[in-house]
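Asks: Quick one: structure below, then a few questions.
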Amino acid sequence: MLGHPTPAKADPEGTTFTFEKGVSKSTGGQGWADVWKKGCFAWEYKGKHKDLGAAYDQLQLYRDALLNPPLLIVSDMETILIHTNFTNTVKRTISLSLDDLVTKDGLDTLRQAFEHPESLRADQTIESVTQQAATEFGRLAELLRQAGHDPEHAAHFLIRILFACSQRALACYPKTSSPS
């Protein structure tokens with residue numbers, strides 16, 4: 001479908017591309033990543049209607065043992081979720097349905113996971129997002145000052161906005177499993 005060799009053809013020894021890659025979990029014990037391609041991805045497949053969040057949590061436990069792949073991919077029989085795992089960038093999740101795989105764009109996105117995972121990296125770094133937010137908060141503070149609002153009330157208002165924004169940002173990231 002992608003024109004990419006299977007793990008057995010590309011790497012018969014299974015040292016850089018394999019099904020059922022045995023790993024040590026970060027919390028201890030052993031596990032198996034369903035598919036692993038060094039420098040590209042770790043992939044966990046679950047059956048129809050299974051919890052893909054739990055599958056993502058499972059890959060998080062394997063991440064270090066798999067040399068921190070740039071993409072953590074989970075799927076079931078209907079959906080493929082590609083989670084970016086690049087250092088110092090904003091996390092990105094790309095969702096593909098089976099219907100997307102019959103389109104050029106959907107197929108190209110999946111092909112990039114195999115051949116050029118860096119092309120799926122988010123453009124923004126964490127620092128650039130933080131800087132942008134700080135600039136906007138500074139601008140808002142100045143507008144409130146110019147409008148004659150009480151500085152203490154304005155500061156309280158800005159802190160509440162900051163708290164609400166941080167809670168929303170945290171909700172965007174999948175929860176990680178706690179150690180058993």
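Asks: Hey, could you pull the Cα Rg and Dmax for the chain, both in Å?
Replies: Every Cα atom of the chain included, Rg and Dmax give 20.7, 71 Å.
Asks: First measure r as the distance between the Cβ atoms of V102 and T6, then evaluate 1/(1 + (r/R0)^6) with R0 = 22 Å and state the FRET efficiency to the nearest 0.05.
Replies: Details: r = 21 Å, r/R0 = 0.96.
In this case the efficiency is close to 0.55.
Asks: Cα axis of helix 126-146 to longest principal axis of the chain: angle in degrees, 0 to 90, nearest 10?
Replies: 20 degrees
Asks: Also: Give the cross-link partners of K9 among the lysines, using a straight C-alpha distance below 19 Å as the criterion and excluding same-chain residues fewer than 8 apart.
Replies: The reachable lysines, counting only those whose Cα sits under 19 Å from K9, are K21, K37, K38.
Asks: To the nearest 10 degrees, how steep is helix 151-172 against the longest Cα principal axis of the chain, on a 0 to 90 scale?
Replies: Around 10 degrees separate the two axes.
Asks: Quick one: net charge around V35, please, counting Lys, Arg +1 and Asp, Glu -1 for every other residue with C-beta under 11 Å from its C-beta. Show your work: numbers first, answer last.
Replies: Details: positive: K21, K37; negative: E20, D34, E44.
With Lys, Arg at +1 and Asp, Glu at -1, the net is -1.
Asks: A further question follows. Which whole-number percentage describes the relative contact order of the chain, with Cα contacts under 8 Å and a sequence gap of 6 or more? If you can, show how the numbers build up before the last one.
Replies: Values: 244 pairs, mean separation 27.7, N = 180.
Result for the chain is 15 percent.
Asks: Report, in degrees rounded to the nearest 10, the 0 to 90 angle that the Cα long axis of helix 104-115 makes with the longest principal axis of the chain.
Replies: Relative to the chain, helix 104-115 is tipped by roughly 80 degrees.
Asks: Report ³J(HN,Hα) in whole Hz for each residue of the range 3-14, in order, from the Karplus equation J = 6.51 cos²θ - 1.76 cosθ + 1.60 where θ = phi - 60°; Gly and Pro get x.
Replies: For the range 3-14, the Karplus-derived couplings read x, 9, x, 5, x, 5, 7, 6, 8, x, 7, x Hz, x marking Gly and Pro.
Asks: Could you tell me how far the Cα centroid of the range 85-155 sits from the Cα centroid of the range 1-79, in Å?
Replies: Computed from Cα coordinates, the inter-centre distance equals 25 Å.
Asks: If you don't mind, another one. Compute the label zone of A133 within the range 68-102: residues whose backbone N is under 20 Å from the point 7 Å along Cα-to-Cβ.
Replies: Of the residues in the range 68-102, 84-93 have backbone N under 20 Å from the label point off A133.
Asks: Give me the dipole magnitude in Debye, nearest 20, for the chain about the Cα centre, with unit charges on the beta carbon: positive for Lys and Arg, negative for Asp and Glu. Intermediate values should be presented prior to the final figure.
Replies: On the way: 19 positive and 22 negative charges, 45 e Å.
My answer is approximately 220 debye.
None of the figures in this text is laboratory data; all of them are computed from the coordinates on show. As the structure is a prediction and not an experimental result, all values here were calculated from the model. Using ideal geometry, Cβ is built from the backbone for each residue, glycine included, and neighbour counts are taken over all protein chains shown.
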